1. Considering the stretch 69-97 alone, what residues qualify as being farther than 11 Å from V130 by Cβ, touching a strand residue (DSSP E or B) at 6+ places or on another chain (Cβ under 7 Å) and in a helix (DSSP H, G or I)?
2. From A392, A377, A381, A398, grab the single residue that is buried (at least 19 other Cβ atoms within 10 Å of the Cβ) and in the same structural domain as L344 (by TED's automatic domain parsing).
3. Can you pull out the residues in the stretch 10-31 that are under 14 Å from I78 (Cα atoms) and within 14 Å of the chain's Cα centre (by Cα)?
4. Across the stretch 270-309, what is the number of residues that are under 33 Å from the mean Cα position of the chain (by Cα) and buried (at least 16 other Cβ atoms within 10 Å of the Cβ)?
5. In the stretch 336-366, what residues are surrounded by 13 or more Cβ atoms within 10 Å (Cβ to Cβ) and among the aliphatic types (A, V, I, L, M)?
6. Residue under question is T180, and the condition is that it be touching a residue at least 12 places away in the same chain (Cβ under 8 Å) and either out of contact with any His (no Cβ under 6 Å at 6 or more places or on another chain) or of a type in the set (D, E, K, R) (or both); does it hold?
7. If you check D198, D193, which single one turns out to be among the acidic types (D, E) and under 23 Å from I78 (Cα atoms)?
8. Report yes if A241 is among the small types (G, A, S), surrounded by 13 or more Cβ atoms within 10 Å (Cβ to Cβ) and touching a Ser or Thr at 6+ places or on another chain (Cβ under 7 Å), otherwise no.
Amino acid sequence: MIHVYIGPTLPASEPLLDSPRLRVLPPARHGDFFDTAIRPGDTVVLIDGVYHQAPALRHKEILALLGRGVTVLGAASIGALRAAELAPFGMVGVGAVFTAYVRGQITGDDEVAVGQAPDRARDALTCPLVRLRRILELAEAAGVLDGERAARLLAGLRAVYYPQRTWAAVRAVCRRLGETAFADWLAQQRKSDPYFGDVKRADALAAVHAALGGAAAAGPVAVQREDWDTTYFRRWSNAAARTRVGGQELATEDRLVYQQVFDPAFSERWAAYLEYRSRHPADGGPPMALAERLARATSGRNGLPADRVFHPPVDLRDKQTVALLLAGESAEDRISLVRYATALARFRRSRPGLCVESVRDDVARSLLLRVWDCTEAELHAQASARGLVSSARAVVEAKRLVPGFLEEVERTEVARGGR
């Protein structure tokens, strides 16, 4: 399968994109490459991405795909930039924009950036600087400009912030610099050919053709797991994990936190996970029974429980891990979690600009004390036994549950009052 991330560089109506071998997706953003539909042996063609209105695609997300045996091509826009940066690791660059980045002829993100329409059409609202560079080169070749005038125009166009670099702005810069004849020439060229000088479009088409023809197979991949498998990457990966349960898509991380907080027996689930991880170390170390590992780690002297000594990372994309940790989840739990997610969404809508982290610590702490029926002094031990490491971490994780919990308490009190 070939997964193509495309937006303003090529219109959705482009005939080449109708190939049944292509899975055409919107511009890539942070988290998109965790898509489980991307499998080893597949090809990803990265053309467009977002980085102004949403978090941009991280380099380590691309490295992880390469490490899993996915061929990744980049061209035209953010794809060309990322390919130039990650070519030593096996990412394949295609086209003139990629070559210009590799040679250092262009360096900035703004060279390829455009303003995008907010609707599903994702049309470009502005003109990228790389296209204007190409147009100026064509104007020099046609004798419309000389090198000095072209350089002065390029400097003027570069000074315009990329979301404001519309064709009207281009004409205004030409008029201010006394280049109305060039502006008229450009208008005529664009009237004859809407894609005049559109180097990004040409590169994008070349990349898709290369993927379809198998002509851009990846070379030797120089990616080691430590290049991408970091604490931050695992956090992103877990946040992106989703599960479809009964027609409802739920965040696996939310399902886990719900169990950590509300399942009375979750300390048993965590103990089972520690045993599993001790016998199947993620780092490839020697397997060992948890009791033996604990004895070696503590020399049998301090008497600490295993959950206070070992804090292995949790990979929510690992089926065995999820099966162990969610073994106590019921259908009623999932229904409740949907209600909690709805309450959290209402909380966010009712307080524009605020996020779940804005929930007060003392409110989340009160939730934990009430649900776990423990004292403040016991909170840390309870959190550790449930895989939350510390009371401080437990408070942070529980904040996502506060709006739903408060609504549930209110409903219960109203029901009692009506009896």
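The values are calculated or read from the model by the stated rules, or taken from the named source; none is laboratory data. Note that the structure is a prediction, hence the values are computed from the model and not measured. Cβ atoms come from the backbone with ideal geometry, glycine included; neighbour counts cover every protein chain shown.
1. I78, G79, R82, A83, A84, A87
2. Only one candidate qualifies: A398.
3. Initially, the stretch 10-31 is screened for residues under 14 Å from I78 (Cα atoms), giving 10, 26-30.
Listed by number, the residues that qualify are P26, P27, A28, R29, H30.
4. 10
5. If the condition is that a residue be surrounded by 13 or more Cβ atoms within 10 Å (Cβ to Cβ) and among the aliphatic types (A, V, I, L, M), then L337, V338, A341, A343, L344, V356, V359, V363, A364 are the ones that fit.
6. Considered against the rule, which asks whether it is touching a residue at least 12 places away in the same chain (Cβ under 8 Å) and either out of contact with any His (no Cβ under 6 Å at 6 or more places or on another chain) or of a type in the set (D, E, K, R) (or both), T180 comes out as no.
7. The conditions single out D198.
8. Yes, satisfied.
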